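Just below is one structure, and these are the notes that go with it.
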Amino acid sequence: MFFEVSVNLVRGKQSPDTHLPRATTVGEEYRRKDAWVPMERTRRVLAAKASRHSLKTDLEMLTMPGVGAEQRRALESESFCLQVLVDEEEELGEPIVRCCREARESCRRGSLTPSLTPNERRLRELVHMGAYGAAINHTAMLLSFHGQGRGRQGHPTIHTPQSLQLWYIRIALLVKTKSLAVAQAEAQPFSQLEKPDIFYQYYPEMYGGRTGSMASFSFRLLLAELPMHAGKPKDALRRLFCMWAAIKRMLNNLKQGVCEDGSATELEETDRAESLKLWRSREAKVIYSIINCACYVKDYGLAMELLAQLIEREDTPKHMLLSALGRLNLQTGNIAGAEICFNEAYLFGSSGVRELVDRGLFATAQGNFEEACACFQQASSLDPSNLMILNNWAVCMLHDGRMQEAISVLETAISSKPLENLHESLVLNLCSLYDLQSSKKGIMKKFALLRQISKYSADAPTTILEKLYG
């Protein structure tokens, strides 16, 4: 069982945005959204393209991705399930075996059924139903239409906003399913999206005078964070600081009266103000990612320093940042510092669910589990879909000697909204509670949980499978 002391300031979507870009209009909104400062070598190539010089681009300056080998999680879980049947049938009895067979059949019907007509709508459906393995396979088929399918890595290709968004979805899903080796291998050709063929200017015949990056800001941020997911947080920090430096240059260019990329295009004051607003908000997102990465490597000094900088800004939610700083102090054992931050957060407007969670975490740090349970219960009644609150409430009940109530809270959450609440952290805590029960009863409940996972979420992360079969 584990607590969740969330200082993650970016509450990302459960799944990546699966809508592919369609618009080709060159307007101020698109110029602002697509803006990026290319590195000098890329700038020279783009300038040559704009002047229609027949300059051949070196292969090392091209982005040449391709779909590689994939981990088929549904197949892995099915073979694992078969092994359980072979090894445990006599010991566990027919009811469990039947449950496991039903789960296996559900997996086969759900995530392993191929789509005969790959399209964006089907991709959205697969992601929504939690069939992430099938969605990953679907992106492979869609990318093959762009000449970037299996075996195409290392071959020159033409990029479009649609193909790059497909790559963003695919790599985000690989990270979500913890297929990190595949994600790293397939992300490698993109590097940090700095090569010239990622920019509209590289294709003047296709996009005319449109400028900027065809790759979304979300894709750029995902690639910067990817090493952290793969256990290389220092590489992630280096990439994130490089990204932050580029955004600082863009903001400085806007303040000096030129465009984000330094070009002398004249902007209306209202457009310049909107650009500054957009890129300051994106700068904050990068800083949030740096803070999360710093916490990952336990560099709490850096995390606190950056949080303090954000608190001083006029355009940031001070009550949320002070709350996060308080939770960070709890993680470092500075209870007095946490209390100061929580009190300041309250003065800046922290109330409702956030205040209750802060109070619950503070009570937990003091060992007052009865008060913590009361705070988390009240917070859960205000925000029933918040899984972090449910997890912490259950853990506090366990520490307060109320194990059966803790199990009931998590089971009720899953049964009431299985599609939304079959989340890794909640399932792992529930499995840990089952482990504390009698051996056979706990195993029976685990397989019942497996049946729910196979019915509502076609692909379970490896950590869940290991816990279910452990």
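The values are calculated or read from the model by the stated rules, or taken from the named source; none is laboratory data. Keep in mind it's a predicted model, so treat the numbers as computed, not measured. Glycine also receives a Cβ, built like all others from the backbone with ideal geometry; neighbour counts cover every protein chain displayed. Calculation scope for accessible area: heavy atoms of the full protein, side chains included, ligands and nucleic acids excluded. Shrake-Rupley method; radii C 1.70, N 1.55, O 1.52, S 1.80 Å.
Give just the number: which of (1) out of contact with any Gly (no Cβ under 6 Å at 6 or more places or on another chain); (2) open to solvent by less than 10 Å² (accessible area, probe 1.4 Å); (3) more than 20 Å from residue 316 (Cβ to Cβ) does residue 372 not satisfy?
Of everything listed in (1) out of contact with any Gly (no Cβ under 6 Å at 6 or more places or on another chain); (2) open to solvent by less than 10 Å² (accessible area, probe 1.4 Å); (3) more than 20 Å from residue 316 (Cβ to Cβ), residue 372 misses just condition (1).
Among (1) part of a helix (DSSP H, G or I); (2) in contact (Cβ under 8 Å) with a residue 60 or more places away in the chain; (3) of a type in the set (S, T, N, Q), which single condition is residue 211 missing?
(1)
Within the range 345-357, which residues are surrounded by 18 or more Cβ atoms within 10 Å (Cβ to Cβ) and touching a Leu at 6+ places or on another chain (Cβ under 9 Å)?
Listed by number, the residues that qualify are 345, 350, 356.
Determine, yes or no, whether residue 290 is under 26 Å from residue 317 (Cβ atoms) and of a type outside the set (Gly, Ala, Ser).
So residue 290 passes the test.
Evaluate the following for residue 268: is it over 16 Å from residue 222 (Cα atoms), touching a helix residue (DSSP H, G or I) at 6+ places or on another chain (Cβ under 7 Å) and surrounded by fewer than 21 Cβ atoms within 10 Å (Cβ to Cβ)?
Numbers: over 16 Å from residue 222 (Cα atoms): yes; touching a helix residue (DSSP H, G or I) at 6+ places or on another chain (Cβ under 7 Å): no; surrounded by fewer than 21 Cβ atoms within 10 Å (Cβ to Cβ): yes.
For residue 268, the condition - over 16 Å from residue 222 (Cα atoms), touching a helix residue (DSSP H, G or I) at 6+ places or on another chain (Cβ under 7 Å) and surrounded by fewer than 21 Cβ atoms within 10 Å (Cβ to Cβ) - is not met.
Could you grab me the full set of residues in the range 231-264 that are outside any helix (DSSP H, G or I) and hydrophobic (A, V, I, L, M, F, W, C)?
The answer is 258, 259, 264.
I need a count of the residues in the range 196-225 that are more than 18 Å from residue 282 (Cβ to Cβ) and under 18 Å from the mean Cα position of the chain (by Cα).
The total comes to 0.
Within the range 119-158, track down each residue that is crowded, with 22+ Cβ neighbours inside 10 Å and under 18 Å from residue 191 (Cα atoms).
Passing the criteria: only 148.
Check 173, 221 and return the single one that is buried (at least 23 other Cβ atoms within 10 Å of the Cβ), out of contact with any strand residue (DSSP E or B) (no Cβ under 6 Å at 6 or more places or on another chain) and assigned to a helix (DSSP H, G or I).
None of the others qualify; the one that does is 173.
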